[in-house]
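Trainee: So that we are looking at the same thing, I have put the structure below in C-alpha cells.
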C-alpha cells in the first residue's frame, strides 16, 4: 500500500473511532449519573464534527489537493493538542497513536501532496 493511501485510510479509521465514541456517548446519555444531557449532546456533537473533519481530510487527500493537505495538518494538530489536554483514556491513547503515525506519514509524503506529478489538479 502506498504511504499516501495509508494516510487516507488512517484518517478514515480515526473518523470511525470518533463516530463510534460519539454514538456510545449518546447511548449512555442519562445513565450512570454522567452529568447533564446537554453537556453529553455537546460533547457528542464535537466528536461527530471531529469524525467529519477526519473523513473530509481522508477524502480530500485522495483527491491530492494542497488545500486538503493543509486541512489535514490542522485537523491532526488540533487532535494532538486536544488529546493531551483532557482526561486521557483508552480511546485517547488509541487516537494519539494513530495521530502520531499520521504525523510521521504526513512528513514522509508531503512532496506527493505539495508537488504532485504533472496532470493532477491543484486547488
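The values are calculated or read from the model by the stated rules, or taken from the named source; none is laboratory data. Since we're looking at a predicted model, the values are computed, not measured. With ideal geometry, Cβ positions are generated from the backbone for all residues, glycine too; neighbour counts draw on all protein chains shown.
Trainee: Of the numbered conditions (1) at pLDDT below 90; (2) surrounded by 11 or more Cβ atoms within 10 Å (Cβ to Cβ); (3) in contact with a helix residue (DSSP H, G or I) (Cβ under 7 Å, 6 or more places away or on another chain), residue 120 fails exactly one; give the number of that condition.
Mentor: Here residue 120 clears every test but (3).
Trainee: When only residues in region 38-78 that are touching a helix residue (DSSP H, G or I) at 6+ places or on another chain (Cβ under 9 Å) and not in a helix (DSSP H, G or I) count, which is modelled with the lowest pLDDT?
Mentor: Filtering first and then ranking leaves 64.
Trainee: Inspect all residues belonging to region 95-117 and state whether any of them is at pLDDT below 85, outside any helix (DSSP H, G or I) and surrounded by fewer than 13 Cβ atoms within 10 Å (Cβ to Cβ).
Mentor: For region 95-117, residues at pLDDT below 85, outside any helix (DSSP H, G or I) and surrounded by fewer than 13 Cβ atoms within 10 Å (Cβ to Cβ): present.
Trainee: When you look at residue 51, is it surrounded by 17 or more Cβ atoms within 10 Å (Cβ to Cβ) and under 16 Å from the mean Cα position of the chain (by Cα), yes or no?
Mentor: Values: surrounded by 17 or more Cβ atoms within 10 Å (Cβ to Cβ): yes; under 16 Å from the mean Cα position of the chain (by Cα): yes.
Spelling it out, residue 51 is indeed surrounded by 17 or more Cβ atoms within 10 Å (Cβ to Cβ) and under 16 Å from the mean Cα position of the chain (by Cα).
Trainee: In this structure, does residue 91 turn out to be farther than 16 Å from residue 11 by Cβ and surrounded by 15 or more Cβ atoms within 10 Å (Cβ to Cβ)?
Mentor: Answer is yes for this residue.
Trainee: Anything in region 23-34 that is in a loop (DSSP other than H, G, I, E, B) and either modelled with pLDDT of 75 or more or touching a helix residue (DSSP H, G or I) at 6+ places or on another chain (Cβ under 9 Å) (or both)? List them, or say none.
Mentor: Restricting attention to region 23-34, the residues satisfying the condition of being in a loop (DSSP other than H, G, I, E, B) are 29-34.
Result: 29, 30, 34.
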